[in-house]
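Enquirer: Can you read through this structure? Questions will come right after.
The values are calculated or read from the model by the stated rules, or taken from the named source; none is laboratory data. Bear in mind that the values here come from a model prediction, so they are computed numbers and not experimental data. For neighbour counting, all protein chains shown are included, and Cβ atoms are generated from backbone atoms with ideal geometry for every residue, glycine included. Ligands, DNA and RNA are excluded from the accessible area calculation, which covers all protein heavy atoms including side chains. Shrake-Rupley method; radii C 1.70, N 1.55, O 1.52, S 1.80 Å.
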Amino acid sequence: MLRVTRWLHTFLRVRPEEMRLVLVMGFILFFNSIALQVSNIVSISGFLSEVSINNILVLWIIEMLLIIVSTAAQSLIVDRFNRLTLLRWMSLVFVSLYVILAIMFAIGLPSWLNYSLLCLFVDQQLYFFPAIYWILANDMTDMSQAKRLFPVIASFGVIGDVVGLGISAAAPTILNFLHLNSSVLIYLIIAAFLCPFLLSFLLKRTHTRQSNAQSTTVRDSLTEGIKFVEEVPSFRYLMLSMIAIAVVMTIIEYHFLAATEAVYSSMDNFQTFYSLIFLAQTIVAIGLQAFVTGRLIDRFGLKNTFVVMPLFAVGCIGWALGFPGIGSAAGSYLVAKLSLNSVDDIARKTLQSLVPEERRGRVSMFMDSYLFASGVILGAVIIGLVLLISPHIPSIAPDIIYLIIGSILALVALWWILRMRTVYESSLFNWRLKRRQRTASIIDKLSI
């Protein structure tokens, strides 16, 4: 037991009194990741088999508009109610949505409608669950703990990704043998979502900082997030970079899906290919999040860690441009996603722990939902315009045009991050971080 404790402290840097928190929060993320990966693979595979790739641009715009609307409603409650209670209710809401979807599949409604709704549910889950989850995690830890524990906790999510992708990859073969279709995986998703609800009760006695936010409107909530990122220079430059990166990621993802659709025509083949590619990526991500990301932040500093994503975005776009085909399309997408999820996302969650508790939820919602959704919409519009004008310039393939636009935006994102680095230390003294600074030393933050 002593050896295990020493191993945890040395390699994972988890103290004995933190073990319960890490395990419970980790397994909540684990089961959510299983549900997310299975539903994501099934939704994309089903959609591409029933609808053409170009229609996914319209679906993405609808998804992001729904996220903006739902985030506006969610921002009214995120800083006013207990976040652990919000996590429980959100889990039950998703269970209910997937139960309704299972009924729709059972009664034989059109497949294109069912898979389109599944895509919409996946994106709601992708943005809302992590938003509430990481705000709750920030409420349960201080800044020094967040730097140590968040990469370890996040690794549970990556393990869940591996399990979910493994299930998705094996499902076509197993279900075909049983003469079933992929829609039965909805029942697995429902079961996976019940687990976070049940596990949340184990956190009942965990100390959680409570917000003192007053009643507010959607406009006030949005204004709070906008003013915060505008008036804190480091957050402002990060915001601009995030929008550019969201556009770049949308371009990279569309390029990957278009290249894949050209090679694989059946849902089962695409589902297996998509699952195996992501399985390889997530296995690498486990090691990065558990053993590299936290040490990277400690060694190079939080402000320098944000340079990683735009640098990799530039490289991935260049890879796709220089070596056309499904191999480079898949590789560039996976490397970009790995950088975003295993480094940039953790760094951003760590930076958000500087935001005072009473406004952290609204600021996090603004950055993680509004900004990224706006970037995806902009990216879908850019790709759509390129596809519309490409017949008039047949000498240049449309993928070359939108990839060149992506490379320019990736360089713009890198420039904004370099600007953010120059104002990082001075931003720590901004008055909007004042309350947070009462409980933590400025000197400690300067070492981040």
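Enquirer: Could you go through region 128-139 and let me know if any residue there is farther than 21 Å from residue 89 by Cα, crowded, with 23+ Cβ neighbours inside 10 Å and not small (Gly, Ala, Ser).
Expert: No: zero hits.
Enquirer: Another question, then. For region 400-413, check the following and say yes or no: at least one residue is modelled with pLDDT under 80, in a helix (DSSP H, G or I) and crowded, with 20+ Cβ neighbours inside 10 Å. Don't jump to the end; show me each part of the working.
Expert: Of all residues in region 400-413, those modelled with pLDDT under 80 come to none.
Taking every residue of region 400-413 in turn, none turns out to be modelled with pLDDT under 80, in a helix (DSSP H, G or I) and crowded, with 20+ Cβ neighbours inside 10 Å.
Enquirer: Right, another one. Could you say which residue among 65, 76 is open to solvent by 10 Å² or more (accessible area, probe 1.4 Å), in a helix (DSSP H, G or I) and at pLDDT 85 or above?
Expert: Step by step, each of 65, 76 is checked, and only 65 is open to solvent by 10 Å² or more (accessible area, probe 1.4 Å), in a helix (DSSP H, G or I) and at pLDDT 85 or above.
Enquirer: Just wondering, is there one or more residues in region 351-358 that are open to solvent by 20 Å² or more (accessible area, probe 1.4 Å) and modelled with pLDDT under 80?
Expert: yes
Enquirer: So which of 339, 374 ends up being part of a helix (DSSP H, G or I), of a type in the set (Ser, Thr, Tyr) and either without any contact (Cβ under 8 Å) to a residue 40 or more places away in the chain or over 18 Å from residue 128 (Cα atoms) (or both)? Lay out the reasoning, then the answer.
Expert: Working: 374 fails: either without any contact (Cβ under 8 Å) to a residue 40 or more places away in the chain or over 18 Å from residue 128 (Cα atoms) (or both).
So the residue among 339, 374 that is part of a helix (DSSP H, G or I), of a type in the set (Ser, Thr, Tyr) and either without any contact (Cβ under 8 Å) to a residue 40 or more places away in the chain or over 18 Å from residue 128 (Cα atoms) (or both) is 339.
Enquirer: Pairs only if they're at least six apart or on different chains, beta carbon under 9 angstrom, first in region 291-306 and touching a residue at least 24 places away in the same chain (Cβ under 8 Å), second open to solvent by less than 50 Å² (accessible area, probe 1.4 Å) and aromatic (Phe, Trp, Tyr); list them, first residue then second.
Expert: Every condition considered, the pairs that remain are 293/150; 294/150; 301/424; 302/424; 303/424.
Enquirer: May I pose another question? Can we say residue 28 is in contact with a helix residue (DSSP H, G or I) (Cβ under 6 Å, 6 or more places away or on another chain) and either open to solvent by less than 20 Å² (accessible area, probe 1.4 Å) or under 17 Å from residue 181 (Cα atoms) (or both)?
Expert: On the way: in contact with a helix residue (DSSP H, G or I) (Cβ under 6 Å, 6 or more places away or on another chain): yes; either open to solvent by less than 20 Å² (accessible area, probe 1.4 Å) or under 17 Å from residue 181 (Cα atoms) (or both): yes.
Yes; evaluated as a whole, the condition is true for this residue.
Enquirer: Restricting attention to region 266-289, which residues are modelled with pLDDT under 75 and over 17 Å from the mean Cα position of the chain (by Cα)?
Expert: 266, 267, 268, 269, 270, 287
Enquirer: Does any residue of region 301-312 turn out to be open to solvent by less than 40 Å² (accessible area, probe 1.4 Å) and modelled with pLDDT under 80?
Expert: There is at least one residue in region 301-312 that is open to solvent by less than 40 Å² (accessible area, probe 1.4 Å) and modelled with pLDDT under 80.
Enquirer: Exactly one condition in (1) buried (at least 22 other Cβ atoms within 10 Å of the Cβ); (2) more than 22 Å from residue 294 (Cα to Cα); (3) not aromatic (Phe, Trp, Tyr) is false for residue 111; which is it?
Expert: The one condition residue 111 does not meet is (1).
Enquirer: Here is a further query. Take the conditions over 17 Å from the mean Cα position of the chain (by Cα), open to solvent by less than 50 Å² (accessible area, probe 1.4 Å) and free of Cβ contacts under 8 Å to residues at least 12 places away in the same chain and apply them to residue 328. Does it pass? Break it down stepwise before answering.
Expert: Values: over 17 Å from the mean Cα position of the chain (by Cα): yes; open to solvent by less than 50 Å² (accessible area, probe 1.4 Å): yes; free of Cβ contacts under 8 Å to residues at least 12 places away in the same chain: yes.
So residue 328 passes the test.
Enquirer: Filter region 90-105 for residues that are more than 20 Å from the chain's Cα centre (by Cα) and without any contact (Cβ under 8 Å) to a residue 60 or more places away in the chain; which is surrounded by the most Cβ atoms within 10 Å (Cβ to Cβ)?
Expert: The qualifying residue surrounded by the most Cβ atoms within 10 Å (Cβ to Cβ) is 97.
Enquirer: Here's another thing I want to ask about it. Please give the number of the condition residue 215 fails out of (1) modelled with pLDDT of 70 or more; (2) in contact with a Lys or Arg (Cβ under 9 Å, 6 or more places away or on another chain).
Expert: (1)
Enquirer: Further question on the same structure: Across region 276-289, what is the total count of residues that are among the small types (Gly, Ala, Ser), in contact with a helix residue (DSSP H, G or I) (Cβ under 8 Å, 6 or more places away or on another chain) and open to solvent by 10 Å² or more (accessible area, probe 1.4 Å)?
Expert: Number of matching residues: 1.
Enquirer: Just the residues that are open to solvent by 50 Å² or more (accessible area, probe 1.4 Å) and among the hydroxyl-bearing types (Ser, Thr, Tyr), please, taken from region 227-275.
Expert: Correct list: 264, 265.
Enquirer: Pick from 264, 274: which is over 28 Å from residue 138 (Cβ atoms), free of Cβ contacts under 8 Å to residues at least 12 places away in the same chain and among the aromatic types (Phe, Trp, Tyr)?
Expert: The conditions single out 264.
Enquirer: Can you tell me which residue among 221, 200 is over 30 Å from residue 384 (Cα atoms), open to solvent by less than 30 Å² (accessible area, probe 1.4 Å), part of a helix (DSSP H, G or I) and modelled with pLDDT under 70?
Expert: Answer to the check: 221.
Enquirer: Can residue 85 be described as open to solvent by 20 Å² or more (accessible area, probe 1.4 Å) and β-branched (Val, Ile, Thr)?
Expert: yes
Enquirer: Hey, another quick one. Residue 321 - would you say it is over 20 Å from residue 148 (Cα atoms), surrounded by fewer than 24 Cβ atoms within 10 Å (Cβ to Cβ), touching a helix residue (DSSP H, G or I) at 6+ places or on another chain (Cβ under 7 Å) and not small (Gly, Ala, Ser)?
Expert: In short, yes.
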